[in-house]
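A.B. asks: Pasting a structure below so you can have a look.
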Amino acid sequence: MKIVIASGKGGTGKTTVSVALAQAFDGPVCLIDADVEEPNSAFFMKPIIESKRDVTVPVPQIDSEKCTACGVCSSLCVFNAIAVAGQSALVFPELCHSCGGCVRICPQNAITEQPSGIGEITRGQAAHITTLEGRLNIGSAMAPPLIRAVKKAAPEGMPVLIDAPPGTSCPMITAVTGADFVVLVTEPTPFGLNDLVLAVETVRKLGLPCGVIINRSDSGDDRVVRYCEEEKIRVLLQIPESRKIAEAYSRGDSLLTAKPELIHAFRKLLEEIR
Amino acid sequence: MKELVIISGKGGTGKTSVTGSFAALANNAMMADCDVDAADLHLLLNPEIQETHEFYSGHEAVIRPDDCTGCGQCEELCRFDAVISENGIFRIDPAACEGCGVCVQFCPPKAIDFPEALCGKWFISKTRHGRMVHARLGIAAENSGKLVSIVRKQAAQVAAALQAEWLLIDGPPGTGCPVIASITGAGAVLIVTEPTLSGEHDLLRVLQLTRHFEIPSFISVNKWDINPGMTERIEAAAAEAGATALERIPYDASITNAQIQGLSVVEYNDGPAATAIKNLWEKLCHHL
């Protein structure tokens, strides 16, 4: 079972919902923080850290003794990560997508791959929850490979909850791919609705079932509810706006710490999804 | 022309509400929405589209089934798990395809096409506060960083032609590819944050990025009164990281109410948030 919590718009409560779902889970569960540009779930989980490892991607290294500056590699590379300058090819590792094409095409066998760090994965444990966090290095643009790596690190056979990055572009798509169900967290505002529509269109194009949680449900207007009715999207839960929740969040206290009674609603929701 | 990019690290802190207000407050401004995969600024500025351009970026692999021999070479070479084989029939998953062209190059019967990919549209529009360049990334399309670069470049060109005094850019959340494309070489960055552990953490990460690119950085704590202690801690940490903390914005339901009316909060009323944003703008003008 793989449930992904996504949103389109940022700051709607993805992490809050992910943590609450993990805490409400009746048995071992793995919570993956795939918002690798800005991972936040550890503030609320406070896991005991068990291990950390670097994640690398392979980037080309040119053997200048063998390189004849023929330019075949740079004409294959659609990402402009290799250019021929003078007597040898030159690599721009930050542009490389690690497709491996240059290694294979080089007529002189002058290219090998060496690992280049893009981020790290931290594994921890908090009660019944195994936590995995991906954290992208500052200055790295390569979020998708790190998201793929942190998803692959989940223990075999354990149910998985994934806290996805915001937006509807490559990182979000990488996070939701392969999900059994996508929970879209939104807020009842024009921005929330606009970005929810984009997120719904994206998960539908990927052929994934989804439902909606409306956070701060009494803060805006009813256009999100009407949209969900029209599109026949299940509204799984509405969480009213509360200063108590906002203050708890600011301190790093989880939703279920601020409002323990909500655990029943999250348990019911998990049963419905399953 | 003065270029200001409004970013946040953490999403949902109020970037777009602040940008929309600045658009209303600035004289002779040009706007750009660089949050291309969850663009919202148009909901406040109600742009009238003058020009629409298609955004082609990169290529995507497409297998011609009639020419495919089913050898599986493409599946073996693809590092993005984009080749799907079902009962000996091979096809490419467009959402997973990175557009690298490795399968196209090495397919023994040359059975893979590599057409240009239409990834979205970008627009030049008129608004009540000036011109605006914005975009819409295609659903499940790639290359948002490139589209961000186009929006920024086009906005800079229009702004130069119109001799605009300000170029106000609404940026994306995070620290990755689209953020890097939004801020590289920018005149100044305003980071809108919130007084939470997540807000602080994400602000400090994005400040590492602005420092890396040597961009003058200002911060403003939105909803500061949710946690005054945290607000002070964030402002101190930002100062230590080399950024200047400016006017705080109090929690004010007017920001949501203005959004529902399709207005920036400074156009909606003279409440606490509107007053603070006006002060913030004045302070920024003084610094820039």
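A.B. asks: Place a label point 7 angstrom from the Cα of A:Lys52 along the Cα-to-Cβ direction, then list the residues of segment A:106-143 whose backbone nitrogen is under 13 Å away.
C.D. replies: A:119-124, A:133-137
A.B. asks: If you project the alpha carbons of segment A:105-238 onto the principal axes, what extent comes out on each, in Å, largest first?
C.D. replies: Between the extreme Cα coordinates on each principal axis of segment A:105-238 lie 63, 42, 28 Å.
A.B. asks: Can you tell me the orientation of helix B:272-287 relative to chain B, as the angle in degrees between its alpha-carbon axis and the longest Cα principal axis, to the nearest 10?
C.D. replies: In chain B, helix B:272-287 runs at an angle near 80 degrees to the longest axis.
A.B. asks: Take segment A:38-105, compute every pairwise Cα distance, and split them into 5 Å bins from 0; I just need the percent in each bin.
C.D. replies: 3, 15, 22, 16, 9, 6, 8, 7, 7, 6, 2
A.B. asks: From the alpha carbon gyration tensor of the protein assembly as shown, can you work out the equivalent ellipsoid semi-axes (sqrt of 5 times each eigenvalue) and give them in Å, largest to smallest?
C.D. replies: 37, 30, 23
A.B. asks: May I pose another question? At what distance in nm do the modelled label points of B:Arg91 and A:Arg104 sit from each other, each positioned 7 Å from its Cα along Cα→Cβ?
C.D. replies: Distance between the two pseudo-spin positions: 2.2 nm.
A.B. asks: Over chain A, what is the mean sequence separation of C-alpha contacts under 8 Å (at least six apart), divided by residue count, expressed as relative contact order in percent?
C.D. replies: 27
A.B. asks: Using Cα atoms only, what is the angle between the long axis of helix B:15-25 and the major principal axis of chain B, expressed in degrees (0 to 90) to the nearest 10?
C.D. replies: Its long axis makes an angle of about 60 degrees.
A.B. asks: Taking the Kirkwood radius as the inverse of the mean 1/r across Cα pairs, report the Rg/Rh of segment B:61-114.
C.D. replies: Taking Rg over the Kirkwood Rh, I get 0.89.
A.B. asks: Scan segment A:6-104 for trypsin sites (Lys or Arg not before Pro) in coil per DSSP, keeping those whose Cβ has at most 16 other Cβ atoms within 10 Å, and list them by number. Provide the component values of the computation, followed by the final result.
C.D. replies: Working: sites: A:Lys9, A:Lys14, A:Lys52, A:Arg53, A:Lys66, A:Arg104; in loops: A:Lys9, A:Lys66.
Of the trypsin sites (Lys or Arg not before Pro), the ones in loops of segment A:6-104 whose Cβ has at most 16 other Cβ atoms within 10 Å are A:Lys66.
A.B. asks: For chain A, state the average projected area of the convex hull of the C-alpha atoms over all orientations, rounded to one decimal in nm². Before the final figure, lay out the partial values.
C.D. replies: On the way: hull surface 64.5 nm².
So the Cα hull casts an average projection of 16.1 nm².
A.B. asks: Hey, what angle do you get for helix B:144-161 against the long axis of chain B, alpha-carbon based, 0 to 90 degrees rounded to 10?
C.D. replies: Orientation of helix B:144-161: about 50 degrees from the principal axis.
A.B. asks: Once the other residues with Cβ under 11 Å from the Cβ of A:Lys259 are scored (Lys, Arg +1; Asp, Glu -1), what is the net sum? Each step should come with its number before you reach the end.
C.D. replies: On the way: positive: A:Lys244; negative: A:Asp253, A:Glu261.
In short, -1.
A.B. asks: To the nearest whole percent, what portion of all C-alpha pairs in segment B:118-159 is separated by more than 12 angstrom? List each step's numbers first, then the result.
C.D. replies: Values: 489 of 861 pairs.
The proportion of pairs with Cα distances above 12 Å equals 57 percent.
A.B. asks: Sticking with this structure for a sec: Distance from a point 7 Å along Cα→Cβ of A:Ser64 to each backbone N in segment A:79-99: keep the residues under 14 Å and list them by number.
C.D. replies: From segment A:79-99, the list is A:84-91.
A.B. asks: Still on this structure, please answer the following. May I ask for the net charge around B:Pro272, where only other residues with Cβ less than 15 Å from the Cβ of B:Pro272 are counted and Lys, Arg are +1 while Asp, Glu are -1?
C.D. replies: That sum, taken over residues with Cβ under 15 Å, equals -1.
A.B. asks: Here is a further query. Around B:Ser85, what is the net charge, scoring Lys/Arg as +1 and Asp/Glu as -1 over all other residues with Cβ under 14 Å from its Cβ?
C.D. replies: Once positives and negatives cancel, what remains is -4.
A.B. asks: Roughly speaking, what is the centre-to-centre gap between segment A:117-164 and segment B:233-288 when only Cα atoms are used, to the nearest Å?
C.D. replies: 35
A.B. asks: For segment B:61-114, what does the relative contact order come out to in percent, with C-alpha contacts under 8 Å and a separation of six or more?
C.D. replies: Relative contact order comes out at 48 percent.
A.B. asks: How long is the gain from B:Gln163 to B:Thr69 if the chain were fully straight, where each residue apart is worth 0.36 nm and the alpha carbon distance is subtracted?
C.D. replies: 27.9 nm
A.B. asks: Compute the distance from the alpha-carbon center of segment B:42-116 to that of segment B:126-144, in whole Å.
C.D. replies: 24
Read the figures in this text as sums done on the coordinates, not as results from a lab. Remember, it's a predicted structure, so these values are computed and weren't measured experimentally. Cβ: placed from backbone, ideal geometry, glycine included. Neighbour counts: every protein chain shown.
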